[in-house]
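Scroll down for the structure; my scribbles are underneath it.
The values are calculated or read from the model by the stated rules, or taken from the named source; none is laboratory data. Computed from a predicted model, the values in this text were never measured in an experiment. Note that we place each Cβ from the backbone using ideal geometry, even for glycine, and neighbour counts take in every protein chain shown.
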Amino acid sequence: MLLPQSFNVDQNGLLKFKISDNLSGSKSEVFKTSNIQGMWFSDGGKKEDIKSLHSASAESFSRKLENNGLVLLSLDAVSTDGKISKEAFLNQTRLNASEQIIKNVEASTKAEFNLKTEIYSKTLLTSGKANGGLNDEKLGDKLEILLKQNPYKMKYGADVIALVIYEGKPIRNASVKLQTKASNGVIFDQNSRTDEDGMVYFKLNRSGIWKLTATEILPVNNNPDQDFQVIIANYLFEFRQ
């Protein structure tokens, strides 16, 4: 995901951000240069390709903001060389996969599995005022999270609806993890699943950086080098009461 230095940048200010795996700011091999498929920027106009900002040696990136309103950053990454032990993958599937996938992994005689991992990340922030509807913007990613409300215009305790879509359609019973990083650095976790309409509901009950993660695990057919495909969608924003 793209983690900004600040989620509220002045109009005509400089947006600084870096690639990160998590709310702590660390980066794994999944986000090495060869795995980055694309980086984009949108402030309500045409989506702009900013992959040229990325390089193997760069620790952070910057872009000047010109317009007033919501800003959406997005990042796509694909890794095809992941290996994981059966025990570790079972723990992952029990949280995120269907019952059939869990049974397949439990019944397998393999000691480890080869994974293809696809990550689709969004980061929502503001430039000046929090105007616009980019919170609900569809980017056409394989797995995607849409926020039905603009969190920067919500008050403490307000209800927010997130929609999870796979190949453009709402997906039922999808695993969604909600994390909030408070100002003291403590991270709070909550696990949920989407309803029949692909929706998950939560309350803005903490100030901090919020991250939603939806995960789908699917078998890979006709490829002897890969066993399963792990598809992840992230959505990052900040809420201050």
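Brief remarks on what is shown
- All positions within region 19-47 that are farther than 11 Å from Leu73 by Cα, surrounded by 13 or more Cβ atoms within 10 Å (Cβ to Cβ) and in contact with a Ser or Thr (Cβ under 7 Å, 6 or more places away or on another chain): Ser20, Asp21, Lys27, Val30, Asn35
- Where Glu59 falls short, out of the listed (1) in contact with a Leu (Cβ under 6 Å, 6 or more places away or on another chain); (2) farther than 22 Å from Leu146 by Cβ; (3) of a type outside the set (Lys, Arg): (1)
- Strands (runs of 3 or more DSSP E) (entirely within region 1-71) containing at least 3 residues that are in contact with a Gly (Cβ under 6 Å, 6 or more places away or on another chain) and within 19 Å of Leu125 (Cβ to Cβ): none
- Restricting the first member to region 1-19 and to residues that are more than 27 Å from Thr117 (Cα to Cα) and in contact (Cβ under 8 Å) with a residue 24 or more places away in the chain, and the second to residues that are loosely packed, with under 14 Cβ neighbours inside 10 Å and basic (Lys, Arg), the beta-carbon pairs closer than 7 Å and six or more apart or on different chains are Leu14/Lys64.
- Residue in region 45-68 that is closer than 20 Å to Ala214 by Cβ and within 18 Å of the chain's Cα centre (by Cα) present: no
- Residue list for region 108-152, restricted to those being more than 30 Å from Pro219 (Cα to Cα), within 21 Å of the chain's Cα centre (by Cα) and surrounded by fewer than 16 Cβ atoms within 10 Å (Cβ to Cβ): Gly133, Lys148, Gln149
- Leu75 more than 17 Å from the chain's Cα centre (by Cα), buried (at least 17 other Cβ atoms within 10 Å of the Cβ) and touching a residue at least 40 places away in the same chain (Cβ under 8 Å): no
- Among (1) in a strand (DSSP E or B); (2) in contact with a Gly (Cβ under 9 Å, 6 or more places away or on another chain) - the single one Lys177 does not satisfy: (2)
- Subset of region 155-188 (residues that are more than 23 Å from Asp21 (Cβ to Cβ) and in contact with a Phe, Trp or Tyr (Cβ under 7 Å, 6 or more places away or on another chain)): Asp159, Val160, Ile161
- Within region 180-203, if we keep just the residues that are part of a loop (DSSP other than H, G, I, E, B) and out of contact with any Lys or Arg (no Cβ under 8 Å at 6 or more places or on another chain), the residue that is modelled with the lowest pLDDT turns out to be Ser183.
- Across region 189-213, the number of residues qualifying as closer than 18 Å to Asn22 by Cα and either loosely packed, with under 13 Cβ neighbours inside 10 Å or under 16 Å from the mean Cα position of the chain (by Cα) (or both) comes to 8.
- Of all residues in region 48-72 being in contact with a strand residue (DSSP E or B) (Cβ under 7 Å, 6 or more places away or on another chain), loosely packed, with under 15 Cβ neighbours inside 10 Å and not small (Gly, Ala, Ser), the one that is nearest to Pro224 (Cα to Cα): Lys51
- Top-ranked residue in region 110-152 [being in a helix (DSSP H, G or I) and out of contact with any helix residue (DSSP H, G or I) (no Cβ under 9 Å at 6 or more places or on another chain); ranked as nearest to Gln226 (Cα to Cα)]: Asp136
- Looking across region 62-87, the residues that are polar (S, T, N, Q) and either more than 22 Å from Pro151 (Cβ to Cβ) or modelled with pLDDT under 95 (or both) come down to Ser62, Asn67, Asn68, Ser79, Thr80, Ser85.
- Some residue of region 72-94 being assigned to a strand (DSSP E or B) and at positive phi: no
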